[in-house]
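> Mind looking over this structure? Questions follow.
The values are calculated or read from the model by the stated rules, or taken from the named source; none is laboratory data. Quick caveat, the model's predicted, so the values are computed rather than measured. Glycine also receives a Cβ, built like all others from the backbone with ideal geometry; neighbour counts cover every protein chain displayed.
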Amino acid sequence: MVLKHKAYKFRIYPTKEQEILIAKTIGCARFIFNHFLAKWDEMYKTTGKGLSYGSCSKEIPLLKQEFDWLKEVDSTSVQTSVKHLADAFDRFFNKQNKRPRFKSKRHPVQSYKTNV
């Protein structure tokens, strides 16, 4: 018996409001990722140990108080970017990937992950 794999490819056409919200969400996810990556580097230089996912995710509400614009976007996308950073460091220490790098606004591929 031969297994057949099917795939579907979709193209979405968001409205102007949706485009703005998507851009804001991508920006916030990038900001959170870069913020905790910088914090991780700083902590590693001073103590020799990095941060954990738990300690970073507990700090997100404090960041939302400091930066009001973080409240405008989906909270799960922000949380997921911290999860991706923790996963990137796990892979780095298991010698599967290179060290995590800062995300750039200029990079052609911009994405975020959320639950629907």
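> Out of LYS113, LYS105, LYS95, I need the residue that is in a loop (DSSP other than H, G, I, E, B), of a type in the set (D, E, K, R), surrounded by 11 or more Cβ atoms within 10 Å (Cβ to Cβ) and modelled with pLDDT under 95. Which one?
Only one candidate qualifies: LYS113.
> Checking GLN65 against (1) part of a loop (DSSP other than H, G, I, E, B); (2) exposed (fewer than 14 other Cβ atoms within 10 Å of the Cβ), which single condition isn't satisfied?
It is condition (1) that GLN65 fails.
> Any residue at all in segment 20-43 that is of a type in the set (Ser, Thr, Tyr) and free of Cβ contacts under 8 Å to residues at least 24 places away in the same chain?
There is no residue in segment 20-43 that is of a type in the set (Ser, Thr, Tyr) and free of Cβ contacts under 8 Å to residues at least 24 places away in the same chain.
> Please specify each residue of segment 22-43 satisfying the condition of being under 13 Å from GLU72 (Cα atoms) and in contact with a helix residue (DSSP H, G or I) (Cβ under 8 Å, 6 or more places away or on another chain).
LYS24, THR25, CYS28, ALA29 - these are the residues of segment 22-43 that are under 13 Å from GLU72 (Cα atoms) and in contact with a helix residue (DSSP H, G or I) (Cβ under 8 Å, 6 or more places away or on another chain).
> Kindly check whether there is at least one residue in segment 12-23 that is modelled with pLDDT under 90 and either part of a loop (DSSP other than H, G, I, E, B) or surrounded by 10 or more Cβ atoms within 10 Å (Cβ to Cβ) (or both).
Among the residues of segment 12-23, at least one is modelled with pLDDT under 90 and either part of a loop (DSSP other than H, G, I, E, B) or surrounded by 10 or more Cβ atoms within 10 Å (Cβ to Cβ) (or both), which makes the answer yes.
> Can we say LYS83 is charged (D, E, K, R) and modelled with pLDDT under 90?
The answer is no for LYS83.
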